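Colleague: Below are the structure tokens for one structure; questions will follow.
The values are calculated or read from the model by the stated rules, or taken from the named source; none is laboratory data. Computed from a predicted model, the values in this text were never measured in an experiment. For neighbour counting, all protein chains shown are included, and Cβ atoms are generated from backbone atoms with ideal geometry for every residue, glycine included. Areas reflect the complete protein model, heavy atoms only, side chains present, ligands, DNA and RNA absent. Shrake-Rupley method; radii C 1.70, N 1.55, O 1.52, S 1.80 Å.
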Amino acid sequence: MDIQAVREDFPILKRMINNYPLIYFDNAATTQKPRQVIEAEVNFYEKHNSNIHRAVHTLSLEATDLYEKSRERISKFINAKESSEVVFVRGTTEAINLVAYTWGLSNLGKGDEVLVSLMEHHSNIVPWEITAKLKGFTIKYANVKPDGTLDYEDFEAKFSKKTKIACLSQVSNVTGVINDVKRITEAAHDNGSLMLVDGAQSVPHLSVNVQDLDIDFLAFSGHKMLGPTGIGVFYGKKALLEAMPPFQGGGEMIKEVEFSRGVGCNISLNELPWKFEAGTPNICGAIGLSEAVSYLQAAGMDNVQRHEKDLTKYALERLQECRKITIHGPGDISKRCGIISFGVESLSSHDVALICDNYGIMIRSGYHCAQPLHQEILKLQSSARASFYIYNTREEIDRFVEILKEIEQL
Amino acid sequence: MPTLEDYVARVEGTCGAEKDVIVFFKYEKKDEIISNILKKVTVNNKIAGIIFELTFENFSFRLYTSGKAIFRGVKNREELNALLSKLLL
């Protein structure tokens with residue numbers, strides 16, 4: 001992979017921030033967009049914009065074709081059995097809420113258990129906590145070891161006859177730890193439980209094959225993988241999706257709304273995946289995401305992963321030169337993705353992020369929407385986080401370390 | 001008569017247990033703002049030419065030359081606004 005050629009595709013990387021060249025290390029929050037994605041969106045609005053489905057005019061046909069071809073490309077990207085198993089949503093959060101509010105509300109009740117890990121993003125905790133209060137089921141939290149890796153034995157031990165679904169992120173958005181979701185999926189299925197995987201930090205960075213993993217549900221966001229904001233994917237096995245009630249009601253998700261005076265409306269639902277896509281979807285977003293997927297496929301997901309691994313290894317090595325920095329997460333590079341959370345002695349994470357910002361380096365600070373992990377496992381008030389992607393370089397890491405060394409002197 | 005809106009772009013509570021507040025000043029006015037603030041406060045430390053550690057009344061805060069400030073121990077938005085008014089107006 002020619003990183004300099006890749007960088008040329010990202011117009012924003014030419015920006016100066018506070019008179020310094022932009023170094024963008026906040027990729028776990030959102031990624032930058034290549035020209036190809038931007039142009040695909042402009043092209044759609046300039047040449048094909050129309051609402052999709054159920055119209056007979058040319059523009060609608062073109063828009064529908066682009067939208068559905070996007071679905072097909074994305075379904076192949078995650079190796080779904082059929083494109084009807086891919087539902088467009090706003091992002092990971094909406095996808096998990098969809099499962100909690102449709103499958104969850106109709107299948108969970110008093111005495112049932114949902115098993116999640118303590119390293120989850122709030123989006124894989126809060127929907128379950130809210131629906132648990134509505135339906136009276138219990139949430140069990142599997143432990144995470146002090147180095148941020150999953151306590152597999154504890155996770156597996158917490159399965160019981162009451163466990164109806166297990167929910168786990170494939171990659172932690174704080175430590176970058178890669179979880180063996182295949183192992184947990186096998187344990188879930190042996191127990192008769194379903195498996196939901198939060199792929200927000202894995203699908204953009206690893207080759208994810210839903211059939212090989214045999215997971216039941218997968219959620220991921222377009223904007224974390226070079227695509228636009230406001231578009232994401234909910235994948236579910238067809239038989240499960242068919243049995244689930246719709247998430248929202250409105251146009252597109254119905255076949256018929258037959259009115260009988262004195263009786264009301266008799267509603268028949270649309271087929272998959274449209275049953276879950278009420279209203280006008282983010283058509284342009286789906287097309288942009290498809291272009292992002294195409295970009296990643298051209299780069300090769302193995303190359304993307306190799307590049308990030310190299311950057312992470314290099315960064316971890318260079319950070320050893322900093323005396324006041326503590327890295328959170330495992331030292332073993334094989335266990336992690338391109339996310340490094342850290343602390344600087346006697347400085348808050350926000351100060352570290354503000355100083356980096358002063359030098360044009362964008363990193364994140366805070367809980368990263370994973371308060372339980374920070375409080376319960378890492379015992380931290382917050383952390384600073386640098387996260388890498390396809391366009392980052394070793395030279396940028398050198399500059400970052402140089403600034404961190406300056407910060408240490410404060 | 002200038003108001004806080006003329007100088008403050010956004011106020012954001014930090015994410016984390018610290019409960020600090022970050023004030024983003026209007027970027028195009030940052031130099032004027034920093035200069036005005038420095039006239040009114042006690043400068044405890046100037047670090048690497050980019051951070052000022054400051055005290056004003058009973059509050060200590062850090063001001064960055066990029067036009068951002070991080071305040072600690074501010075109880076609520078009213079208290080922050082009162083403080084900013086004294087510093088900026």
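Colleague: Would you check if there is a residue in segment A:383-405 being without any contact (Cβ under 8 Å) to a residue 40 or more places away in the chain and within 23 Å of the chain's Cα centre (by Cα)? Give the derivation first.
Modeller: Here is the first cut: in segment A:383-405, the residues without any contact (Cβ under 8 Å) to a residue 40 or more places away in the chain are A:395, A:402.
Among the residues that remain, those that are also within 23 Å of the chain's Cα centre (by Cα) are: none.
The answer is no, given that none of the residues of segment A:383-405 is without any contact (Cβ under 8 Å) to a residue 40 or more places away in the chain and within 23 Å of the chain's Cα centre (by Cα).
Colleague: Now a separate question. Could you tell me which of the residues A:Lys335, A:Lys379, A:Lys313, A:Lys324 is within 20 Å of the chain's Cα centre (by Cα) and over 24 Å from A:Ile17 (Cα atoms)?
Modeller: Working: A:Lys379 fails: within 20 Å of the chain's Cα centre (by Cα); A:Lys313 fails: within 20 Å of the chain's Cα centre (by Cα); A:Lys324 fails: within 20 Å of the chain's Cα centre (by Cα).
Among A:Lys335, A:Lys379, A:Lys313, A:Lys324, only A:Lys335 is within 20 Å of the chain's Cα centre (by Cα) and over 24 Å from A:Ile17 (Cα atoms).
Colleague: Now for a different question. For segment A:40-72, enumerate the residues that are closer than 13 Å to A:Ser290 by Cα and either in contact (Cβ under 8 Å) with a residue 12 or more places away in the chain or surrounded by 14 or more Cβ atoms within 10 Å (Cβ to Cβ) (or both). Lay out the reasoning, then the answer.
Modeller: Residues of segment A:40-72 closer than 13 Å to A:Ser290 by Cα: A:40-41, A:44, A:65-72.
Across segment A:40-72, the qualifying residues are A:Ala40, A:Glu41, A:Phe44, A:Leu66, A:Tyr67, A:Glu68, A:Lys69, A:Ser70, A:Arg71, A:Glu72.
Colleague: Kindly list the number of the only condition in (1) surrounded by fewer than 18 Cβ atoms within 10 Å (Cβ to Cβ); (2) within 24 Å of A:Phe220 (Cβ to Cβ); (3) not charged (D, E, K, R) that fails for A:Gly331.
Modeller: Here A:Gly331 meets the rest and fails (2).
Colleague: Restricting attention to segment B:65-89, which residues are among the charged types (D, E, K, R), within 10 Å of chain A (Cβ to nearest Cβ) and part of a loop (DSSP other than H, G, I, E, B)?
Modeller: Residues of segment B:65-89 among the charged types (D, E, K, R): B:68, B:72, B:75, B:77-79, B:86.
Narrowing further to those that are within 10 Å of chain A (Cβ to nearest Cβ): B:68, B:72.
Selection gives B:Arg72 alone.
Colleague: Follow-up. Here is a check on your reading of the model: is A:Glu120 outside any helix (DSSP H, G or I) and under 19 Å from the mean Cα position of the chain (by Cα)?
Modeller: Details: outside any helix (DSSP H, G or I): yes; under 19 Å from the mean Cα position of the chain (by Cα): yes.
So A:Glu120 passes the test.
Colleague: Might you check whether a residue that is among the acidic types (Asp, Glu), out of contact with any Cys (no Cβ under 6 Å at 6 or more places or on another chain), open to solvent by 20 Å² or more (accessible area, probe 1.4 Å) and modelled with pLDDT under 95 occurs anywhere in segment A:314-324?
Modeller: Our first condition is that a residue be among the acidic types (Asp, Glu); within segment A:314-324, this holds for A:317, A:321.
Now drop any that are not out of contact with any Cys (no Cβ under 6 Å at 6 or more places or on another chain), which leaves A:317, A:321.
From what is left, the residues that are open to solvent by 20 Å² or more (accessible area, probe 1.4 Å) are A:317, A:321.
Subsequent filtering for residues that are modelled with pLDDT under 95 retains none.
Within segment A:314-324, none of the residues are among the acidic types (Asp, Glu), out of contact with any Cys (no Cβ under 6 Å at 6 or more places or on another chain), open to solvent by 20 Å² or more (accessible area, probe 1.4 Å) and modelled with pLDDT under 95.
Colleague: Another question, if that's okay. For segment A:259-286, which positions are charged (D, E, K, R) and within 18 Å of A:Ile52 (Cα to Cα)?
Modeller: Narrowing segment A:259-286 to residues charged (D, E, K, R): A:261, A:271, A:275, A:277.
Within segment A:259-286, A:Glu271, A:Lys275, A:Glu277 meet the criteria.
Colleague: While we're looking at this one, here's another question. How many residues, within segment A:56-65, are among the small types (Gly, Ala, Ser) and more than 22 Å from A:Ser83 (Cα to Cα)?
Modeller: In the first step, residues of segment A:56-65 are kept if they are among the small types (Gly, Ala, Ser); the result is A:60, A:63.
Still in the list and also more than 22 Å from A:Ser83 (Cα to Cα): none.
Of the residues in segment A:56-65, 0 are among the small types (Gly, Ala, Ser) and more than 22 Å from A:Ser83 (Cα to Cα).
Colleague: Something else now. Looking for whichever is open to solvent by less than 50 Å² (accessible area, probe 1.4 Å), in contact (Cβ under 8 Å) with a residue 40 or more places away in the chain, within 24 Å of A:Phe247 (Cα to Cα) and more than 19 Å from the chain's Cα centre (by Cα) here; the options are A:Val114, A:Val99, A:Val89. Which one fits? Talk me through it step by step, then tell me what you get.
Modeller: Numbers: A:Val99 fails: more than 19 Å from the chain's Cα centre (by Cα); A:Val89 fails: more than 19 Å from the chain's Cα centre (by Cα).
Exactly one of A:Val114, A:Val99, A:Val89 is open to solvent by less than 50 Å² (accessible area, probe 1.4 Å), in contact (Cβ under 8 Å) with a residue 40 or more places away in the chain, within 24 Å of A:Phe247 (Cα to Cα) and more than 19 Å from the chain's Cα centre (by Cα), namely A:Val114.
Colleague: So, one more: Could you tell me how many of the residues in segment A:117-135 are hydrophobic (A, V, I, L, M, F, W, C), crowded, with 16+ Cβ neighbours inside 10 Å and out of contact with any strand residue (DSSP E or B) (no Cβ under 8 Å at 6 or more places or on another chain)? Lay out the reasoning, then the answer.
Modeller: Taking segment A:117-135 first, the residues hydrophobic (A, V, I, L, M, F, W, C) are A:118-119, A:125-126, A:128, A:130, A:132, A:134.
Right, trim to crowded, with 16+ Cβ neighbours inside 10 Å and you get A:118-119, A:125-126, A:128, A:132.
Now drop any that are not out of contact with any strand residue (DSSP E or B) (no Cβ under 8 Å at 6 or more places or on another chain), which leaves A:126.
Final tally of qualifying residues: 1.
Colleague: Return the only residue of A:Ala292, A:Ala298 being of a type in the set (Gly, Ala, Ser) and without any contact (Cβ under 8 Å) to a residue 24 or more places away in the chain. Full working, then the answer.
Modeller: On the way: A:Ala292 fails: without any contact (Cβ under 8 Å) to a residue 24 or more places away in the chain.
Just a single option satisfies the conditions, and that option is A:Ala298.
Colleague: Ok, one more. Mind checking which helices (runs of 4 or more DSSP H) fall wholly inside segment A:1-80 and carry at least 1 residues that are within 14 Å of chain B (Cβ to nearest Cβ) and not aliphatic (A, V, I, L, M)? Please lay out each step first, then the result.
Modeller: Details: elements: A:3-8, A:35-43, A:58-77.
By residue number, no helices (runs of 4 or more DSSP H) qualify.
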